[in-house]
Amino acid sequence: MTLPDPSENGGAAASVEAGVVRAVGSIGLATLTSRILGFVRDVVVARAFGAGPLTDAFFVAFRIPNLFRRLLAEGALSTAFIPVFTDYLATRPRAEFNRMLRAVAGGLLLTLCAVSAVGALLAPWLVAVMAPGFSAVPEQLRLAATLTRLMFPYLIFVGLAALAMGVLNAHRRFFTSALGPAVLNVGMIAAVLLLASRLPVPVLALAVGVLVGGLGQFAIQLPEVRAAGAPLRPSAEFSHPALRRIARLLGPTVFGLAAVQLNVFVNTLLASLLPSGSISFLYYADRMVEFPLGVFGIAVASASLPVMSEQAARRDSRALGETVNFALRLSCFVAVPASAGLWLLREPITRVLFERGRFGPEETQATAWALGFYALGLTAFAAVRIAAQAFYALGDTRTPVKAGIAAVGLNVAVALALMGPLRHGGLALAASVSAGANLLILLWLLRQRLGTLGGRRILWSLGRVAAATAVMAAWCGLLLWTWPPAATRALEAAWLVAAIGGAVGAYAAASLALRGEEGPALLALRRRLPRKLPSGAED
């Protein structure tokens with residue numbers, strides 16, 4: 001509801017912003033834990049298996065059930081669950097919410113089991129489509145198919161984890177659900193360390209770790225779900241109206257996310273046609289970009305969705321536009337300097353994190369080559385998620401589909417044009433260009449829908465962020481110029497920590513000197529106190 005008193009309206013907006021920032025803090029802290037464990041996992045995998053045919057087979061196999069996870073579980077289902085769950089909590093008796101939840105759990109479990117069974121049956125054909133280059137090496141094709149069959153039940157566990165996450169997020173509980181992926185990483189690390197040497201095909205240990213970790217993702221959320229008083233015991237009430245409502249939201253959302261994931265599919269397919277190891281180089285580079293993207297970019301989008309859903313339910317377009325504006329500014333405040341830092345320090349970061357065991361200097365250079373091109377799209381990767389969430393909150397799941405399809409077409413064209421001269425780096429650059437185009441389309445359409453997004457305020461914020469990033473980049477350039485030659489790995493790691501720590505300090509100081517609004521918001525998070533942000537110019 002829009003209040004007549006501007007000061008009261010400003011206070012309400014500041015309260016919403018403070019709530020979003022606190023939620024971002026909870027999600028970001030949990031995601032940071034997960035990303036750190038994810039890097040440990042990748043270091044363990046890289047040391048044990050390097051980057052070659054075995055890891056290519058595993059990453060293709062894992063990408064297939066992971067693709068379905070992003071479409072059906074953590075992606076579309078979460079997006080469809082939260083608006084429905086939030087509406088039932090706000091407008092219906094608790095008994096009706098519990099009945100609805102049990103019906104949804106029953107329908108979801110049946111669907112996930114069916115998809116997993118069909119996927120395991122079709123594993124060889126799925127691998128052949130995902131990585132046609134494997135057909136030249138039958139042993140690699142068979143290994144990838146075996147791994148795919150072993151890992152498809154992971155979809156069941158992670159789908160149930162997504163249901164629990166939807167329940168907790170609708171209750172504005174974010175930390176435990178965001179911590180779930182950390183359990184997956186622990187499972188995979190333990191599997192490599194404890195099982196790999198005991199199996200005739202050591203890489204099969206990774207598949208076992210995925211299954212154990214997927215089960216853990218669901219189990220870790222159960223105590224808090226019970227504390228929220230939400231029953232997850234499935235019922236066979238398949239005619240419940242909430243199931244039809246979720247299905248209506250789910251269909252277009254799946255297609256929208258499928259358009260995004262199609263970029264991953266296209267890049268994997270094309271990378272399988274490049275020299276051996278290309279799929280692994282792209283994977284490790286993507287993992288490094290996912291660190292800041294998950295810790296902050298996706299955290300902002302996840303924290304904003306319940307707020308935007310509530311504002312959309314009240315038909316308060318102005319408040320929704322202000323939330324989108326704040327979420328975009330907050331995301332760019334971190335994504336822009338992170339993008340520059342990853343680009344400038346791409347090689348030392350890759351070397352310190354991965355260069356050990358069977359991962360040598362050539363693998364470092366090839367991975368850093370892809371990382372630089374992925375880093376260019378980091379800001380767009382983060383902002384696309386926020387813009388799409390705004391449409392989902394409005395109940396419009398078709399518009400992101402159309403924008404995603406257009407972006408996929410551009411990705412294919414750019415990838416085909418660049419994979420020759422730039423090899424796997426061209427595929428990473430195509431993904432970044434595609435994300436940028438997707439963002440521009442979504443923002444333009446969202447502005448038409450809401451009337452204004454406060455574009456002038458966003459541009460002023462970006463200007464301050466760019467200036468502060470330039471100061472940070474100068475610091476990184478100085479450190480690179482004085483980088484110790486022939487340094488030991490321990491010295492290089494210490495140097496990298498100093499470079500990143502100094503870069504963060506330089507950026508923070510420059511941002512505060514430029515009187516940016518987003519820095520005080522994050523400082524307010526640290527103090528756990530809501531504070532009213534200065535008002536900015538409207539578009």
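Considering only the other residues whose Cβ falls under 14 Å of the Cβ of residue 144, what net charge follows from Lys and Arg at +1 and Asp and Glu at -1?
+1
Solvent-accessible area per residue for region 176-222 at a 1.4 Å probe radius, Å²?
Numbers: 1810 Å² over 47 residues.
Normalised by residue count, the accessible surface of region 176-222 is 39 Å².
Could you bin all the Cα-Cα distances of region 272-316 into 5 Å bins starting at 0 and give me the percent of pairs in each, rounded to whole numbers?
5, 19, 14, 12, 12, 10, 9, 7, 6, 4, 2
What net charge is computed for the residues neighbouring residue 393, neighbours being all others with C-beta under 12 Å from the C-beta of residue 393, Lys and Arg scored +1, Asp and Glu -1?
My count for the surroundings of residue 393 gives -1.
Send over the Kirkwood Rh of region 113-163, from the inverse of the averaged 1/r over different Cα pairs, rounded to one decimal Å.
11.4 Å
If you roll a 1.4 angstrom probe over the protein chains with everything in place, what fraction of the accessible area of region 454-518 belongs to carbon and sulfur, to the nearest %?
Result for region 454-518: 77 percent of the exposed heavy-atom area is carbon or sulfur.
Can you tell me the order of 34-45, 318-329 when each peptide is scored by its average per-residue count of other Cβ atoms within 10 angstrom, highest first?
The peptides rank, most packed first, as 318-329, 34-45.
Which percent of Cα-Cα pairs in region 426-491 sits in each 10 Å bin, short to long?
Values per bin, smallest distances first: 16, 22, 31, 19, 10, 3.
For region 155-228, what % of the accessible area comes from carbon and sulfur atoms, probe 1.4 Å? Before the final figure, lay out each step's value.
Working: 2000 of 2730 Å².
It is 73 percent, rounded to a whole number.
Could you tell me how far the Cα centroid of region 33-66 sits from the Cα centroid of region 290-346, in Å?
When both Cα centres are located, 28 Å separates them.
Largest first and in whole Å, what are the equivalent-ellipsoid semi-axes of region 145-235 based on the Cα gyration tensor, each being the root of 5 times an eigenvalue?
29, 13, 9
If packing is taken as the average count of other Cβ atoms within 10 Å, what order do 358-370, 189-201, 298-310 fall into, highest mean first? The partial results should precede the final answer.
Values: 358-370: 20.2, 189-201: 14.6, 298-310: 25.4.
Ranked from most to least packed, the peptides come out as 298-310, 358-370, 189-201.
Taking the simple approach of a point 7 Å from Cα along Cα-to-Cβ for both residue 89 and residue 406, what is their distance in nm?
Result: 3.5 nm between the two label points.
Please compute the Cα-Cα pair-distance distribution of region 399-451 with 10 Å bins starting at 0, giving whole percents from short to long.
28, 42, 22, 8, 1
If you plug each phi of region 150-158 into the Karplus form 6.51 cos²θ - 1.76 cosθ + 1.60 with θ = phi - 60°, what whole-Hz ³J(HN,Hα) values come out, in order, with x for Gly and Pro?
Each residue's phi maps through the Karplus curve to give 5, 9, 4, x, 3, 4, 4, 5, 6 Hz.
Accessible area per residue for region 322-438 in Å², computed with a 1.4 Å probe and the full protein assembly in place, what is it? Display every interim value, and only then the final one.
On the way: 3710 Å² over 117 residues.
Ligands and nucleic acids excluded, the result is 32 Å² per residue.
Debye calculation, C-alpha points only, no solvent: report log10 I(q)/I(0) for region 92-211 at q = 0.13, 0.17, 0.22 Å⁻¹, in the same order as the q values.
-0.69, -0.98, -1.22
Compactness ratio of region 467-508: Cα Rg over 2.2 N^0.38 Å, N = residue count?
Normalised Rg, Cα atoms only: 1.19.
What does the highest-first list of 460-467, 382-389 look like by mean Cβ count within 10 Å?
382-389, 460-467
The values are calculated or read from the model by the stated rules, or taken from the named source; none is laboratory data. Being a predicted model, the structure only gives us computed values, none of them experimental. All Cβ positions, glycine included, derive from the backbone under ideal geometry; neighbour counts span all protein chains shown. Side chains included, ligands, DNA and RNA excluded: accessible areas come from the protein's heavy atoms. Shrake-Rupley method; radii C 1.70, N 1.55, O 1.52, S 1.80 Å.
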